[in-house]
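> After the structure tokens below, expect a handful of questions from me.
What follows is calculated from the coordinates using simple rules that are stated; it is not laboratory data. What you see is a predicted model; the values in this text were computed from it and never measured. We place every Cβ from the backbone using ideal geometry, glycine too, and count neighbours over all the protein chains shown.
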Amino acid sequence: MQPPFWGWSGFRAVGAVLITAGLPVVLAAIVRFVRQGRGVPTPVLPARHLVVSGLYRHVRNPMYIAVLSVIVGQGLLFGNGPVLRYALAVALGFHLFVLLHEEPSLSRRFGAEYENYRRAVRRWIPRLKPWTPVS
């Protein structure tokens, strides 16, 4: 394996950490969608219930963040600039998908419940203190 493109082996370690942190988050989010949301995280078979527990109490899109973590981690681990550029394209795609499709769709499907959640929990930057829905 060739050294990373910046010549500092710490980038490889950061990449490994990002991959190691991202994979379980993706898996946990999928399991949460199936168990709690009674669907899967795709537009084809969306969750029937709004998922606002677990990591979703801290940030609205933990799965997208985790996928980006894995992609960036791979770019750093393998010292691969094209993979990092791909991560930027994926991040832009996720952002546009969330803005143009996902949020309007969730607003229509879950109404006030989603609006309250959206006001309390940020899209991309996690809250330090988990949000608790008002019952």
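> Go through region 15-49 and count every residue that is over 23 Å from Gly93 (Cβ atoms) and surrounded by 16 or more Cβ atoms within 10 Å (Cβ to Cβ).
Number of matching residues: 1.
> Kindly list the number of the only condition in (1) among the hydrophobic types (A, V, I, L, M, F, W, C); (2) in a helix (DSSP H, G or I); (3) under 30 Å from Ala120 (Cα atoms) that fails for Ala16.
(3)
> Can we say Ala120 is of a type in the set (Gly, Ala, Ser), out of contact with any Asp or Glu (no Cβ under 9 Å at 6 or more places or on another chain), within 22 Å of Arg32 (Cβ to Cβ) and buried (at least 17 other Cβ atoms within 10 Å of the Cβ)?
no
> Separate question: Only residues that are part of a loop (DSSP other than H, G, I, E, B) and either touching a Pro at 6+ places or on another chain (Cβ under 9 Å) or among the hydroxyl-bearing types (Ser, Thr, Tyr) (or both): list them for region 19-40, please.
Taking region 19-40 first, the residues part of a loop (DSSP other than H, G, I, E, B) are 36-40.
Within region 19-40, Gly37, Gly39, Val40 meet the criteria.
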